[in-house]
Amino acid sequence: MDRREAVKSVAFLIGGALSATTIATLFDSCNEPGKNGENLFSDNHQKIVTELADIIIPTTAKSPGAKAANVGPFITMMMKDCYPEDAQTAFVKGLDDLEDRSKKEFKKSFIEISVKERQQLVAKLREDTLASIDEEKSSGEKAAKLEQDSKGAKPEKEQAGNPMAVKEKPKKAPQFFAIARDLTILGFFTSEIGATQAYEFVEIPGRYDGDMKMKPGQRVYA
């Protein structure tokens with residue numbers, strides 16, 4: 001099994017924590033990634049990705065964060081090797097926009113501001129992303145309804161029994177923060193630190209128990 005197949009297999013196993021868009025991207029685009037190659041990220045981009053991932057999964061009293069798990073390089077590797085060109089372009093633009101916002105609000109680069117200031121920027125970025133996704137969803141629903149009305153199409157319930165009635169879903173625009181969040185989760189929980197310190201790790205497990213009772217606050221098993 002090569003690296004891409006291994007990543008896709010692991011992504012499937014922790015799919016509940018990842019968005020449907022990321023799962024689809026990994027399964028579809030790992031076969032034909034974008035062609036931007038090694039020139040996709042600058043050194044400053046790499047530093048921003050590393051600090052951004054550490055804000056998404058920070059160090060806690062119980063486990064190290066994304067930086068300690070070397071998630072930053074994992075994210076840029078995945079973007080180069082597994083994501084299509086439109087997602088690569090959107091991700092690089094997102095990094096540049098985050099840097100510009102940091103300089104506008106705090107007069108410093110994202111890698112120079114405090115952790116608290118980074119948290120403020122990332123919180124705003126998350127809110128903007130959620131608003132954009134909601135707006136895109138609403139626009140898509142309105143467009144689909146208008147198209148259905150204009151064509152006099154039958155209601156979806158009537159089409160359900162027709163195997164030929166295939167409804168093509170509009171392609172969603174790549175969202176920078178959504179990609180960064182998903183790859184941070186994927187990179188962290190498939191790392192040695194994530195598997196052995198964030199999860200409950202048993203090096204030599206015993207019997208398989210498909211219905212094990214978990215105590216309140218107990219970590220899930222790796």
> Which of the residues spanning the range 90-117 are of a type outside the set (Val, Ile, Thr), under 29 Å from Ile193 (Cβ atoms), in contact (Cβ under 8 Å) with a residue 40 or more places away in the chain and assigned to a helix (DSSP H, G or I)?
Replying inline: Ala90, Phe91, Gly94, Leu95, Leu98, Glu99
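Within the group Ala69, Ala53, Ala87, which residue is buried (at least 19 other Cβ atoms within 10 Å of the Cβ), outside any helix (DSSP H, G or I), out of contact with any His (no Cβ under 6 Å at 6 or more places or on another chain) and in contact (Cβ under 8 Å) with a residue 12 or more places away in the chain?
Numbers: Ala53 fails: outside any helix (DSSP H, G or I); Ala87 fails: outside any helix (DSSP H, G or I).
One residue alone meets the criteria, Ala69.
State whether one or more residues within the range 108-124 are under 14 Å from Pro174 (Cβ atoms), more than 16 Å from the chain's Cα centre (by Cα) and either modelled with pLDDT of 95 or more or loosely packed, with under 14 Cβ neighbours inside 10 Å (or both). Give the derivation first.
Step one: of the range 108-124, the residues under 14 Å from Pro174 (Cβ atoms) are none.
The answer is no; no qualifying residue exists.
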>> Any residue at all in the range 56-73 that's among the small types (Gly, Ala, Ser), over 17 Å from Thr129 (Cα atoms) and touching an Asp or Glu at 6+ places or on another chain (Cβ under 7 Å)?
In response: yes
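Results for (1) under 17 Å from the mean Cα position of the chain (by Cα); (2) at pLDDT 95 or above; (3) small (Gly, Ala, Ser), shown as yes or no for each residue.
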site	(1), (2), (3)
Leu40	no, no, no
Val49	yes, yes, no
Gly65	yes, no, yes
Ala68	no, no, yes
Met77	yes, no, no
Ala90	yes, no, yes
Asp100	no, yes, no
>> For the range 180-222, which positions are small (Gly, Ala, Ser), modelled with pLDDT of 70 or more and buried (at least 19 other Cβ atoms within 10 Å of the Cβ)?
In response: Ala180, Gly187, Ser191, Gly194
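The values are calculated or read from the model by the stated rules, or taken from the named source; none is laboratory data. For clarity, every value in this text was computed on a predicted model and none was experimentally measured. Because the Cβ atoms are built from the backbone with ideal geometry, glycine has one as well, and the counts that use them run over all protein chains shown.
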